[in-house]
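Trainee: Sharing a structure below in C-alpha cells format, with a few things to ask.
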Amino acid sequence: MKSALIIGASGLVGTDCLHLVLENQNIDKVTILVRKLLPISHKKLTQLIIDFNLLENYKNDIKADIVFCCIGSTMKKAGTKENYELIDRIYPREIAKIALVNGATHFLLVSAMGANKDSAIFYNKLKGLVENDIKELGYRIVSIFRPSLLVGDRKEHRTGESFWIKLMNIINPLLLGSLKKYRSIKTIDVAKAMVYSSLTLKEGITIYTSDKILDLSLLYRK
C-alpha cells in the first residue's frame with residue numbers, strides 16, 4: 001500500500017486526482033495541502049491547512065510515498081510575475097524538497113506543453129524552470145505531464161478558453177501522427193494517467209505529452 005500527498009487538490013486536475021486516489025485500493029492514505037478545508041471527507045483523507053509561505057513549520061507533516069503536484073495559477077489570479085513564480089515554481093520546489101527528505105520516492109508534476117526554461121515566453125519558461133528544479137532534486141522517479149489545452153469543469157472564467165475548447169473539438173481528429181500531442185485533453189484523463197503512473201515503477205525521469213498521457217489514462221484501473 002502507498003501513501004499520497006497532493007498539492008493543488010482544489011484545481012481542475014487536482015480535484016480529479018484526489019477523487020481517483022481516494023477510490024484506489026492501492027493507496028491507503030491521502031494528504032492534501034490546503035489553505036482552507038475543502039468540502040470533502042473520506043476515511044483515507046487528511047486535510048493539512050498550511051501557510052505556504054511558512055512551509056518549514058509543517059516539515060514533519062509533509063510526507064508520503066508519492067507526491068502529486070497539480071498546483072497552478074494564472075497571471076490574472078497571481079497579479080504579478082513574482083507571485084506567479086511563487087505559486088507555480090517556488091511552492092512546488094520547496095514542498096518537493098521536504099517530502100524527499102521525509103522519504104518520498106516518486107514526484108509527479110503537471111507542467112504544460114511548451115515548457116522550456118530558456119523560452120522567451122514567461123509561462124513556458126516558468127514551467128520549464130520548475131521541471132528543471134524537480135529533476136535536480138534526486139527523486140528516484142519523476143513523472144512530468146505536459147498536457148495540451150485542458151478540458152474540464154473550471155470554476156473561474158478564462159477569456160477565450162471556451163472558444164479554443166470548441167475549436168479544438170473540431171481540430172482534434174485532424175491532428176494525426178506527431179501532431180497528436182497538440183490535441184486537447186480532459187482533466188480526468190490527465191489524472192488517470194498520473195495515478196496509473198504513480199503505481200508503476202518506472203525509474204528515472206519520464207516526460208509525457210498529451211498523446212502519451214491519453215494512452216496511459218486508458219490503462220488506469222481502480
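Trainee: Could you tell me how many of the residues in the stretch 114-148 are of a type in the set (Phe, Trp, Tyr) and in a strand (DSSP E or B)? Reasoning before the result, please.
Mentor: To start, the set of residues in the stretch 114-148 that are of a type in the set (Phe, Trp, Tyr) comprises 122-123, 139, 145.
Among the residues that remain, those that are also in a strand (DSSP E or B) are: 145.
Within the stretch 114-148, residues that are of a type in the set (Phe, Trp, Tyr) and in a strand (DSSP E or B) number 1.
Trainee: Suppose we keep only residues that are in contact with a helix residue (DSSP H, G or I) (Cβ under 8 Å, 6 or more places away or on another chain) and charged (D, E, K, R) within the stretch 62-89. Which one would you say is farthest from residue 123 (Cα to Cα)?
Mentor: 63
Trainee: Within the set of pairs 6+ apart or on separate chains, which have a first residue in the stretch 34-56 that is touching a residue at least 24 places away in the same chain (Cβ under 8 Å), a second that is of a type in the set (Asp, Glu), and C-beta atoms under 6 Å apart?
Mentor: Close Cβ pairs satisfying both conditions: 55/94.
Trainee: Still on this structure, I have one more. Condition first: among the charged types (D, E, K, R) and in contact with a strand residue (DSSP E or B) (Cβ under 6 Å, 6 or more places away or on another chain). Now tell me which residues in the stretch 94-131 satisfy that. Working first, answer last.
Mentor: First, the residues of the stretch 94-131 that are among the charged types (D, E, K, R): 94, 97, 117-118, 125, 127, 131.
Matches in the stretch 94-131: 131 only.
Trainee: Related question: Filtering the stretch 194-219 down to residues that are in contact (Cβ under 8 Å) with a residue 60 or more places away in the chain and within 16 Å of residue 21 (Cβ to Cβ), which residue is surrounded by the most Cβ atoms within 10 Å (Cβ to Cβ)?
Mentor: 194
Trainee: Being closer than 28 Å to residue 186 by Cβ and β-branched (Val, Ile, Thr) narrows it down to one residue among 66, 50; which is it?
Mentor: Details: 50 fails: closer than 28 Å to residue 186 by Cβ.
Answer to the check: 66.
Every read-out reported here was derived from the displayed coordinates using simple, explicitly stated rules and does not represent laboratory data. From a predicted model like this one, the values you see are computed outputs, not experimental measurements. For neighbour counting, all protein chains shown are included, and Cβ atoms are generated from backbone atoms with ideal geometry for every residue, glycine included.
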